Amino acid sequence: MPKKVKKRHLLDYSILIPYLILCVLGLIMVYSSSSYLLMENGTSPSASFFNQSNFWVLSLIVIGLLYKMKTDVLKNQRLIMAAIAVLTILLLIVLFFGKEINGAKGWIQIAGFTIQPAEYLKIIAIWYLSWTLSKRQYSIQKDFIGTVKRPLALVLVLTAIVAILPDFGNATVIFLITLVLLLASGINYVYTLIVGFGGVGLSVFTIWLVNITHGKFLPERLQYIYNRFAIFQNPFSDELNRGHQMVNGYYAMFNGGLFGRGLGNSIQKKGFLQEAQTDFIYAIVVEELGVIMGILILALLFFMITRIILVGTRSKDPFNSLLCIGIGAMFLVQVFVNLGGITGVIPLTGITFPFLSQGGSSLLMLSICIGFVLNISADEKRKSLGLY
């Protein structure tokens with residue numbers, strides 16, 4: 001007879017401990033990168049730190065609730081569709097009445113909190129696609145188009161709303177996650193090649209079109225997209241204007257060297273690098289703590305991502321597998337897009353660095369992902385050990 005074991009004994013510490021370490025490092029770096037300018041503006045130097053801390057406390061509570069939840073609840077159709085309905089309403093509210101920051105309408109105020117619905121679309125898209133694709137494992141190989149057209153259309157419509165805000169960074173991440181989930185869904189290898197090469201081809205064509213037309217086909221409010229494409233290869237050609245952020249990001253990482261200038265001793269955060277606590281937090285980490293610490297942080301993050309993907313690949317439940325693979329892919333894409341932007345590999349997108357950057361909605365969304373994965377990991381352990 002199988003032995004009854006409490007769920008807390010099945011907790012996956014190889015995922016939880018890296019999460020906790022990264023969040024604590026994030027709180028420290030948010031305070032370090034934002035305190036100087038807050039004092040200069042006559043605000044409490046710890047304002048951003050406490051705001052981020054509040055979201056982290058909320059995140060820990062959410063993780064606890066999600067971990068105690070039965071995995072069958074995650075497959076509840078009504079719950080999933082209710083989440084999509086609520087998010088759709090929030091996105092429409094943002095589109096028409098949202099608070100505009102840096103030219104984009106991405107935020108709304110709810111109960112004293114500023115939230116960014118586009119962040120939550122990432123996990124809801126993963127959740128919804130994992131659920132709907134896992135139910136159609138047998139039909140997806142025979143009739144790929146007919147099987148995925150409706151769920152894919154819904155996700156792409158919501159992604160289009162995010163792009164219209166405009167928030168092309170998050171829209172790009174959601175699009176790439178969708179591609180990964182389609183490729184991992186068990187489709188025929190022919191469709192795998194079509195989706196894979198089609199995605200790459202569309203990306204290359206878009207970059208070529210923007211460059212060749214100098215962005216003239218884009219509306220005026222979207223001209224910043226062309227500016228980012230035009231400047232990322234050589235930001236020093238317009239160092240004081242369009243290339244300002246990238247150039248100062250380079251200076252920050254160069255200043256850090258191997259061991260850094262010391263915690264709190266960044267030069268670039270003192271007005272040279274705008275929004276240092278968000279998109280460019282990793283550059284400040286390297287400047288203050290050094291390249292070696294920066295590599296160790298990446299190693300810890302990649303270890304956690306690898307563990308998440310392993311939970312997915314080892315799972316015998318298609319829903320559990322797709323959900324974990326989608327979450328691991330999202331973390332990986334965000335790291336690549338953020339680091340690619342600040343190092344000049346790809347244009348800047350405004351995507352935050354997971355767990356380190358300031359952003360309550362981002363931290364809460366990432367924590368929800370961790371809660372899902374910890375629950376699934378425990379469920380898979382219980383099944384493999386024959387427990388109940």
When (1) in contact (Cβ under 8 Å) with a residue 60 or more places away in the chain; (2) crowded, with 22+ Cβ neighbours inside 10 Å; (3) under 22 Å from Q358 (Cβ atoms) are applied to N320, the one that fails is (3)
In the list F353, F372, which residue meets the criterion of being under 21 Å from V285 (Cα atoms), among the aromatic types (F, W, Y) and modelled with pLDDT of 85 or more? F353
Has region 151-167 got any residue that is of a type in the set (D, E), out of contact with any Pro (no Cβ under 6 Å at 6 or more places or on another chain), modelled with pLDDT under 85 and surrounded by 20 or more Cβ atoms within 10 Å (Cβ to Cβ)? yes
When S384 is run through (1) in contact with a helix residue (DSSP H, G or I) (Cβ under 9 Å, 6 or more places away or on another chain); (2) touching a residue at least 12 places away in the same chain (Cβ under 8 Å), the failure sits at (2)
Could you list, in sequence order, the residues of region 23-33 that are in contact with a helix residue (DSSP H, G or I) (Cβ under 8 Å, 6 or more places away or on another chain) and farther than 15 Å from I267 by Cβ? C23, L25, G26, L27, M29, V30, Y31
Are any residues in region 232-246 within 24 Å of the chain's Cα centre (by Cα) and among the aliphatic types (A, V, I, L, M), and if so, which ones? M246
Hits in region 135-150 (condition: open to solvent by 20 Å² or more (accessible area, probe 1.4 Å) and among the polar types (S, T, N, Q)): Q137, S139, Q141
Number of positions in region 335-356 that are among the aliphatic types (A, V, I, L, M) and outside any helix (DSSP H, G or I): 5
Could you pull out the residue among L92, L37, L65 that is closer than 14 Å to I368 by Cα and open to solvent by 60 Å² or more (accessible area, probe 1.4 Å)? L65
For region 333-343, check the following and say yes or no: at least one residue is among the hydroxyl-bearing types (S, T, Y) and modelled with pLDDT of 95 or more. no
So G340 clears everything in (1) without any contact (Cβ under 8 Å) to a residue 12 or more places away in the chain; (2) open to solvent by 10 Å² or more (accessible area, probe 1.4 Å) except one condition, right? Which one? (2)
The condition from (1) touching a residue at least 60 places away in the same chain (Cβ under 8 Å); (2) open to solvent by 60 Å² or more (accessible area, probe 1.4 Å); (3) over 19 Å from S362 (Cα atoms) that R78 misses is numbered (1)
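The values are calculated or read from the model by the stated rules, or taken from the named source; none is laboratory data. Quantities reported herein were computed from a predicted structural model and do not represent experimental measurements. Glycine also receives a Cβ, built like all others from the backbone with ideal geometry; neighbour counts cover every protein chain displayed. Accessible surface is based on the protein model in full, side chains and every heavy atom, while ligands, DNA and RNA are left aside. Shrake-Rupley method; radii C 1.70, N 1.55, O 1.52, S 1.80 Å.
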